[in-house]
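To start, the structure itself, in structure tokens.
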Amino acid sequence: MLLSREWLNEFADVASIPTKDYCDRMTDTGTKVEGYESLAADIINVYVCKILSIDAHPQADKLVVCTVDDGEEKPLQIVTAAHNMKVGDFVPVCRAPAELPGGVKIKAGKLRGVESFGMFCSIAELGLTLHEMPYACEDGLLILNDDPELKDRLTPGEDIRDTLRLRDDVVDFEITSNRPDCLSMIGLARETAASYDIPLKLKTPAVKGSSGNISDYLKVSISSPLCRRYAARIVRNIRIAPSPLWLRMRLRAMGVRAINNIVDITNYVMLEYGQPMHAFDYRCIDGSAINVREAYEGETFVSLDDQPHELKAGMLVIADEKKAVALAGVMGGQNSEITDTTENVIFESANFNGASVRVTSRALGMRTESSSRFEKNLDPESVLPALERACELVELLGAGEVVGTGAEGIADIYPDRWQQTVLTLEPDKINSFLGSDIPADYMKKVLVLLGFGLDGDKVKVPSWREDVKTMNDLAEDIIRIRGYNTVEATDFKARVRPGSYTPRQAYRLRLVNLLTSLGYSEIYNFSFIGPKFFDRCGIKAGDPLRNTVIIRNPLGEDTSVMRTTLLPSMLETLAHNYNHHTEDSWLFEIASVYLPNPDETKLPDEPFSISLGAYGGDADFYTLKGAVEEILSDAQIDGVKWKSVSDNPTFHPGRCADAVSSDGAILATIGELHPDIAKEYGFEPSTRVYAGTVDFAKVFELADFAREYTPLPKFPAIERDFALVCDETVESGAICDAVIKAGGKLVENVRLFDVYRGVQLGQGKVSLAYKVTLRAPDRTLTAEEADKVSEKMLKAIKALGAELRK
């Protein structure tokens, strides 16, 4: 937001304050300044001069020699090639040495033998255009007396910057989206007055009006809740003309081009009040009716910049009985544009839903000064004052007759009225919150300066401060005006709660340490994958794991769904390491998987899962199995059994197993990668890859981390070794279970310590050697007791088809 300091002085008397100091103070009080610029600072020694004579150049047909009155005793001689001037004209003259915009330096010199002590100026050489100087000749000298406003007040020797009102300092503010009130001269003037504790000079617009009633000219209605308020007035017998110099130069300083008096008035009011306005040609409004409605799907509209647009349902438009004449809050339509033949106009001032304006402007690629303000949700109470100010300017500039006096001249539809927020002023609480000692009277003074109303300890929040909702907001306004640097530094005092992990976080860290100690390295992968990841690891269509959460705006096909298992990511990482010639790789990942919720209105479930993967070194099925058993042992989960799995498409049919809890839940699945899957990932046939997943949530649920002291046994143990021969199909786990069941409480441990295959055993046979430890807690076992238990064990083993090796 640009601010003209010359214009600002109309509302707050800060003319004596240097611009640099002003910028620092405003930044200190919360209205950040990006920078400032002194306009016309690059115009030096340019004065108003009156042409006294024009004579032919003795040596050049295209040059003339002029003498001008520059306010000094002796006339100044200028040689020029311009010809659009005459004796008696007033022109801007560079009196050498002089400087012009763009770093142009003017020095005295001779032109074809005749001395010239300066140069006449055109509008371009002064950095101006026809927008600022509409009476000027674009290709010739700037004849100042051609402007009716300047004609009778030109004085030779006056600095051109004063004559054309070019002197001004423009401050560039960075306005945050929660303060749309500061997108106006009045808003910034209010902040200025509060920052310097000076009066804010505001005047209520006064419109004289003329005969007539707006109801005889126009009907206004609102058909959409997206329009909060709509007000209009009629101006008849308008006279299109350039705006006066003071208005044109204020618009220039604020970065807005002057067009004509009617358009300039709407822009001026927008800058002054922060309330965008629009003017319609009354004769273009079919049915003399304005209806604020939502567009029809596919409705066409041509904007003021001659661009056609196809509207979508829901976009807010201003319409007459037949067509849309403006995009609400964005831009007017070509079909109701003000032209030189316009006689009567409708001035519009309205308040629209900010989100609706933003969606429309972005969808159509039409970001304008109007839309950039409306999308921040403007003050609905400023609609009528802005409209009245526009009509006041119409009368001030003699641009037309405002129809009606008082309420008879205004159409104001206001269905969604503003409800004032009332807060309680609590000085002690505010001081405690800020760590300050600000007197209550000072707090009230600041709030009054900022436009708040006070009724005892009740604070009435003004309509333009919708960002103030709580006591904290009041505290912020008070301390920023007082100055943050006034808060004394104090020691930090607070009750600090010691940080700690949640039980789940603590267990995750415990697992990280455990697996790291086993030689595995932790990895992190993206949570999103692509459908092809499932294909590569053999998870076919119809598998529950392919029921995924789909990302609406994915980065690409390979990142379009959230993973339901960590296995594809693990295999991708192992393959990456293998393809980069890593000889062995033992990895693990503990991360969330994302399972769709049957209720689509709820977020997906995000349970933790564990994945393991390894190849190379001494990695084999039992290495991975050992890691899982370490996890289960650490969690003190008893009764886990291993069951072979032959139908998992990812793993080798005979080298895959599930760890099943005593209640039948699958805690883990591990195995050797299927040869076809390994080939898909680029592994050589000679390289065996092992992987698996562990159900973190289920393990965590069953875990028992309480540790009880168990004394060392008082009585000696007896060990028995059994070398058994059985079919390859007999599971070692089943034999262990049978031994434990047969031995009862006397069995302390069963351990497989040898596996042997040989031709002497026969086809399909294997030899398994177990060491069984027997111990009684209350006595020393006798050899007879151990033999009896051993016989029971052998009998149970024989039932499984295994027998002692001979």
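The values are calculated or read from the model by the stated rules, or taken from the named source; none is laboratory data. If you're wondering where the values come from, they're calculated on a predicted model, not measured in any experiment. Here Cβ is always computed from backbone atoms with ideal geometry, including for glycine, and neighbour counts include all displayed protein chains. Only protein heavy atoms, including side chains, enter the accessible area calculation; ligands, DNA and RNA are left aside. Shrake-Rupley method; radii C 1.70, N 1.55, O 1.52, S 1.80 Å.
The set of residues from region 555-599 being surrounded by 12 or more Cβ atoms within 10 Å (Cβ to Cβ), among the polar types (S, T, N, Q), over 34 Å from the mean Cα position of the chain (by Cα) and not in a loop (DSSP other than H, G, I, E, B) comprises 577, 585. Within region 327-359, the residues that satisfy the criterion of being within 22 Å of residue 416 (Cα to Cα), under 29 Å from the mean Cα position of the chain (by Cα) and in a strand (DSSP E or B) are 327, 350, 351, 352. Counting only residues that are of a type in the set (A, V, I, L, M) and in a loop (DSSP other than H, G, I, E, B), which one in region 201-221 is least open to solvent (accessible area, probe 1.4 Å)? For region 201-221, the residue satisfying everything is 218. Among residues of region 709-724 that are under 19 Å from residue 784 (Cβ atoms), those with a beta-carbon under 7 Å from a residue that is among the basic types (Lys, Arg) and assigned to a loop (DSSP other than H, G, I, E, B) at least six positions away or on a different chain give the pairs 715/775; 715/779; 717/775. When residues in region 508-554 are screened for being open to solvent by 70 Å² or more (accessible area, probe 1.4 Å), within 27 Å of residue 676 (Cβ to Cβ) and of a type outside the set (D, E, K, R), 5 of them pass. When 705, 683 are checked against the criterion of being in contact with a strand residue (DSSP E or B) (Cβ under 8 Å, 6 or more places away or on another chain), in contact (Cβ under 8 Å) with a residue 12 or more places away in the chain, of a type outside the set (Asp, Glu) and assigned to a loop (DSSP other than H, G, I, E, B), a single residue qualifies: 683.
When 397, 327, 378 are checked against the criterion of being surrounded by fewer than 22 Cβ atoms within 10 Å (Cβ to Cβ) and of a type in the set (A, V, I, L, M), 397 stands alone in meeting it.
If you check 130, 100, 154, 111 for being open to solvent by less than 10 Å² (accessible area, probe 1.4 Å) and either closer than 21 Å to residue 261 by Cα or not β-branched (Val, Ile, Thr) (or both), only one passes: 100.
Within region 643-651, does at least one residue satisfy the condition of being in contact with a Pro (Cβ under 9 Å, 6 or more places away or on another chain) and of a type in the set (D, E, K, R)? So far as region 643-651 goes, yes, one or more of its residues are in contact with a Pro (Cβ under 9 Å, 6 or more places away or on another chain) and of a type in the set (D, E, K, R).
Consider region 159-180 and keep the residues that are open to solvent by less than 30 Å² (accessible area, probe 1.4 Å) and either free of Cβ contacts under 8 Å to residues at least 12 places away in the same chain or in contact with a Cys (Cβ under 8 Å, 6 or more places away or on another chain) (or both). The one that is farthest from residue 276 (Cα to Cα) is 160.
Applying the criterion of being of a type in the set (Lys, Arg) and in a strand (DSSP E or B) to the residues of region 619-643, the residue that is nearest to residue 655 (Cα to Cα) is 643.
A single member of 350, 386, 390, 326 is of a type in the set (Gly, Ala, Ser), more than 20 Å from residue 204 (Cα to Cα) and at pLDDT 95 or above, and it is 326. Of the helices (runs of 4 or more DSSP H) lying entirely inside region 443-554, those containing at least 2 residues that are more than 30 Å from residue 599 (Cβ to Cβ) and without any contact (Cβ under 8 Å) to a residue 60 or more places away in the chain span 471-482, 503-517.
On the given criteria, is residue 664 in contact (Cβ under 8 Å) with a residue 12 or more places away in the chain, open to solvent by 40 Å² or more (accessible area, probe 1.4 Å) and part of a loop (DSSP other than H, G, I, E, B)?
no
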